[in-house]
Structure formats: C-alpha cells, structure tokens
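The block underneath contains the structure these notes are about, expressed in structure tokens.
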Amino acid sequence: MSYLVGPKGQIVIAKQIRDNLGVKPGWVALQRLVEDRVEVYFLPPEHRQSLMGSLKGHLRTQVATGMQWESAREAAWTLASRFKTNNQESES
C-alpha cells in the first residue's frame, strides 16, 4: 500500500491496519524516529467504563460482605510472601 503525503505533511494509516490494531478515532498516535524510519504506537483514550468485575475470573479469594479489608489484605500478603519464599528456595 502506498499513499501520497498531503500538503500539510499528513499521511493515511490504511483501514486494514487500523482495523487489525483496533485503532479508533480519538486514539493518541505516538511517533518515534528510529534510524531512517518512523514507528507509530497507538494508545486508546481514557474511558469512563467501569472495570468492576473485570478480574473476577482471575481471583481465587473473595472478600465477603462485612469482612474487614485489612484482614483480607494481610492474608493476601502472607500467602504471597510464602509463595515467593518457596519459589526462591526451589531456585537455589
């Protein structure tokens, strides 16, 4: 695919490429000069959608209604430190 550079120096990103990358209007295009070429990275804009429940499938522990978050956090840190300690011992 080839396109002409417009009078203001603008170029077109082909629709097929935008679709494959999922790029939508409003995304930020970061450009970087690397030797003799330009690399472009796309970042989606901030969204206002709720992320509530998005990690539900990855959680092993649930904090029940009324359970203190402090004790749940302490239990998670204890479990994580044991896991880390066991992994370090097995690598030695």
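The values are calculated or read from the model by the stated rules, or taken from the named source; none is laboratory data. The structure presented is a predicted model; accordingly, all values stated were derived computationally and were not measured. Methodologically, a virtual Cβ is constructed for each residue, glycine included, from the backbone with ideal geometry; neighbour enumeration extends over all protein chains shown.
Among all residue pairs at least 6 apart or on different chains, which show Cβ distances below 9 Å where the first residue, located in the range 25-49, is in the same structural domain as Ile13 (by TED's automatic domain parsing) and closer than 18 Å to Ile11 by Cβ and the second is part of a strand (DSSP E or B) and hydroxyl-bearing (Ser, Thr, Tyr)?
What qualifies is Val28/Tyr41; Ala29/Tyr41; Leu30/Tyr41; Gln31/Tyr41; Arg32/Tyr41.
Does Leu43 satisfy being surrounded by 10 or more Cβ atoms within 10 Å (Cβ to Cβ), modelled with pLDDT of 90 or more and not hydroxyl-bearing (Ser, Thr, Tyr)? Write out each step before concluding.
Numbers: surrounded by 10 or more Cβ atoms within 10 Å (Cβ to Cβ): yes; modelled with pLDDT of 90 or more: yes; not hydroxyl-bearing (Ser, Thr, Tyr): yes.
The answer is yes for Leu43.
What tally of residues in the range 1-32 results from selecting those that are in a loop (DSSP other than H, G, I, E, B), of a type outside the set (A, V, I, L, M) and either surrounded by 11 or more Cβ atoms within 10 Å (Cβ to Cβ) or in contact with a helix residue (DSSP H, G or I) (Cβ under 9 Å, 6 or more places away or on another chain) (or both)?
At the first step, the residues of the range 1-32 found to be in a loop (DSSP other than H, G, I, E, B) are 1-14, 22-27.
Those still in the list that are of a type outside the set (A, V, I, L, M) too: 2-3, 6-10, 22, 24-27.
Cutting the leftovers down to either surrounded by 11 or more Cβ atoms within 10 Å (Cβ to Cβ) or in contact with a helix residue (DSSP H, G or I) (Cβ under 9 Å, 6 or more places away or on another chain) (or both) gives us 24, 27.
Of the residues in the range 1-32, 2 are in a loop (DSSP other than H, G, I, E, B), of a type outside the set (A, V, I, L, M) and either surrounded by 11 or more Cβ atoms within 10 Å (Cβ to Cβ) or in contact with a helix residue (DSSP H, G or I) (Cβ under 9 Å, 6 or more places away or on another chain) (or both).
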